[in-house]
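Q: Below you will find the structure I want to go over with you.
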Amino acid sequence: MMDAVDIRSATMDDSSALADLSTQLGYPTSPIQSANRLGVILDSNKHAILVAYLADGKVVGWVHVFLAFRVESDPFAEIGGFVVTKEFRRQGIGRCLLAAVEEWVIQSGITKLRVRSRSNRVDTHTFFERLGFSKSKQQHVFDKSLKTDAGHPASVDAATRYH
Ligand SMILES: CC(C)(COP(=O)(O)OP(=O)(O)OC[C@H]1O[C@@H](n2cnc3c(N)ncnc32)[C@H](O)[C@@H]1OP(=O)(O)O)[C@@H](O)C(=O)NCCC(=O)NCCS
């Protein structure tokens with residue numbers, strides 16, 4: 001039986017909890033990195049981070065959604081990250097977070113929601129398909145590391161510059 005879970009928007013006070021869950025998602029993140037990133041994201045009305053929390057306040061899941069603008073297509077919303085803590089999976093929390101995301105997207109006047117998911121996350125694909133998504137394409141992702149003038153990785157500077 002699922003504990004009582006509620007959904008709210010994230011605040012800066014959630015940065016440590018979000019760091020832990022990001023690490024669980026496979027992206028090792030320190031509380032400071034998380035706070036820097038949250039500072040940028042929470043400042044923008046084109047992004048939302050929603051958290052699921054228990055009656056005692058413990059955060060057990062988060063989802064980040066943002067509005068994506070392209071020259072060649074109408075705006076759509078994209079899920080940037082989504083995780084429920086291991087011990088609380090399969091209890092309907094992901095479903096509740098997704099419903100809250102959909103409400104935010106609709107309120108933003110957007111009618112398409114996209115999520116990209118690693119090809120080996122087979123269970124996650126089942127989750128999205130059960131909740132109404134259908135696979136539209138497969139892609140390869142190409143990354144390139146760049147340095148700023150100061151020699152730091154660009155992402156370190158960006159998190160502070162855009163805060
Ligand atoms: C994907 C994730 C967020 C789903 O959260 P969740 O709280 O476990 O999902 P729910 O309990 O709301 O599941 C809703 C429905 O999805 C389906 N589903 C969820 N997880 C599933 C799994 N592992 N295998 C098969 N079906 C699954 C079921 O139909 C489920 O309903 P049911 O339990 O009544 O049968 C969670 O599993 C997770 O954090 N996974 C690891 C990180 C990840 O892959 N994130 C997404 C990156 S794109």
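All of the numbers you see were taken from the coordinates with simple rules; none came from a lab. Predicted model only: the values in this text are computed from it and were never measured. Cβ atoms come from the backbone with ideal geometry, glycine included; neighbour counts cover every protein chain shown.
Q: On a straight-distance basis, which lysines could pair with K112 in a cross-link, Cα separation under 25 angstrom, same-chain partners fewer than 8 positions away excluded?
A: K46, K135, K137
Q: Rank L38, F76, W62 by how far each Cα sits towards the positive end of the charge dipole of the chain (+1 on Lys, Arg Cβ; -1 on Asp, Glu Cβ) and give me just the farthest.
A: So the residue we want is F76.
Q: Taking chymotrypsin sites (Phe, Trp or Tyr not before Pro) as exposed when DSSP calls them loop (any state but H, G, I, E, B) and at most 15 other Cβ atoms lie within 10 Å, what is the longest stretch of the chain free of them, the sites themselves excluded?
A: That would be 70-141.
Q: With r defined as the distance between the Cβ atoms of Q139 and F69 and R0 fixed at 25 Å, what FRET efficiency is calculated, to the nearest 0.05?
A: Computed FRET efficiency for Q139 and F69: 0.85.
Q: How would you classify the stretch 33-141 from its alpha-carbon gyration tensor, with a ≥ b ≥ c the square roots of the eigenvalues: rounded for a/c under 1.5, else prolate if a/b is greater than b/c, otherwise oblate?
A: It is oblate, given that a/c is not under 1.5 and a/b is not larger than b/c.
Q: Next question. Using the Cα centre as the reference, give the magnitude of the dipole from point charges on the C-beta atoms of the chain (Lys, Arg: +1; Asp, Glu: -1; all else neutral), rounded to the nearest 20 debye.
A: With only Lys, Arg, Asp and Glu charged at Cβ, the dipole is about 600 debye.
Q: Could you give the length gained on full extension between L131 and R118, defined as 0.36 nm per residue of separation minus the Cα-Cα distance, in nm?
A: Separation in residues times 0.36 nm, less the Cα-Cα distance, equals 2.9 nm.
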